[in-house]
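Peer 1: Handing you a structure now.
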Amino acid sequence: MRFLRRNADEAVPTAEETPAEVTSADPARTPAKGKPTPKRREAQNKRRGPVPPPPRTQREALKRMRGNKQSKEERRAASVERRQRMMAGEDKYLLPRDRGPVKAYIRDVVDSRRNLMGLFMPLAILVFVALLVPQPAVQQYATLLTTFMLLAMVVEGVVLGRVVAKRVRAKFPEDTTRGLSIGWYSFIRASQLRRLRVPKPRVTYGTKV
């Protein structure tokens, strides 16, 4: 009988040519997808889109950082808050060179004393003004005064460094900071105007530290 045979022109599909989406005879059965179910993380990544490539230039990196930053007002408020806390002496907001109880003690010792080195900046301004005066006598006296003041400041700085280092050794016997570093830190602190010191002085003149 002809209807029981296939036509010679019709090819029988092989297993490789059979699509994976061929449904089963059972309509209630869910057909196989032909691939494993994606994980939750992979599905989330697909919804979010591809990961942007790393910036190729510094300008592109800065532009990307600015796009993720806070508003201008928020950045300004955060900067003001950090500045206030740094001036107040909070250890978290200080520069690395100013952190720690040893540095805080050195600042207190220096701030409790009146130092000739505090006139360093006014003296530099005075010398600059004297050089602008077209009179050799004024320039000569300014040079002599500057030389004398600088020598006095150097001597005072050496004495102050030794005094502060000795007191630090007595108060913090386990500290390993070199005496030269203590002296230099004391000299830099003392050579600044009191109102410009960062952080602000916690003690007044004559306070026993």
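The values are calculated or read from the model by the stated rules, or taken from the named source; none is laboratory data. For clarity, every value in this text was computed on a predicted model and none was experimentally measured. Virtual Cβ from ideal backbone geometry, glycine too; neighbours counted across all protein chains shown. Heavy atoms of the whole protein, side chains included, go into the accessibility calculation; ligands, DNA and RNA do not. Shrake-Rupley method; radii C 1.70, N 1.55, O 1.52, S 1.80 Å.
Peer 1: If you go through segment 148-206 one residue at a time, how many are among the small types (G, A, S), in a loop (DSSP other than H, G, I, E, B) and more than 29 Å from the chain's Cα centre (by Cα)? Before the answer, list the steps.
Peer 2: So the first thing to find is which residues in segment 148-206 are among the small types (G, A, S), and the list is 152, 157, 161, 165, 170, 179, 181, 183, 186, 190-191, 206.
Imposing the further condition that a residue be in a loop (DSSP other than H, G, I, E, B) reduces the set to 191, 206.
Now narrow it down to the ones that are more than 29 Å from the chain's Cα centre (by Cα): 206.
Qualifying residue count, segment 148-206: 1.
Peer 1: Follow-up. Being more than 30 Å from Y185 (Cα to Cα), among the basic types (K, R), surrounded by 10 or more Cβ atoms within 10 Å (Cβ to Cβ) and at pLDDT below 90 is the requirement here; does R82 meet it? Give the derivation first.
Peer 2: Values: more than 30 Å from Y185 (Cα to Cα): no; among the basic types (K, R): yes; surrounded by 10 or more Cβ atoms within 10 Å (Cβ to Cβ): yes; at pLDDT below 90: yes.
For R82, the condition - more than 30 Å from Y185 (Cα to Cα), among the basic types (K, R), surrounded by 10 or more Cβ atoms within 10 Å (Cβ to Cβ) and at pLDDT below 90 - is not met.
Peer 1: Next question. Return the pairs, sorted by first residue and then second, in which the second residue is in a helix (DSSP H, G or I), the first residue lies in segment 120-140 and is in contact (Cβ under 8 Å) with a residue 40 or more places away in the chain, the beta carbons are less than 7 Å apart, and the residues are 6+ apart or on different chains.
Peer 2: F120/M153
Peer 1: With V127, V133, V164 as the choices, which residue is open to solvent by less than 80 Å² (accessible area, probe 1.4 Å) and modelled with pLDDT of 95 or more?
Peer 2: Details: V127 fails: modelled with pLDDT of 95 or more; V133 fails: modelled with pLDDT of 95 or more.
Residue meeting the stated conditions: V164.
Peer 1: On the given criteria, is R189 within 22 Å of E90 (Cα to Cα) and buried (at least 16 other Cβ atoms within 10 Å of the Cβ)? Talk me through it step by step, then tell me what you get.
Peer 2: Numbers: within 22 Å of E90 (Cα to Cα): yes; buried (at least 16 other Cβ atoms within 10 Å of the Cβ): yes.
In short, yes.
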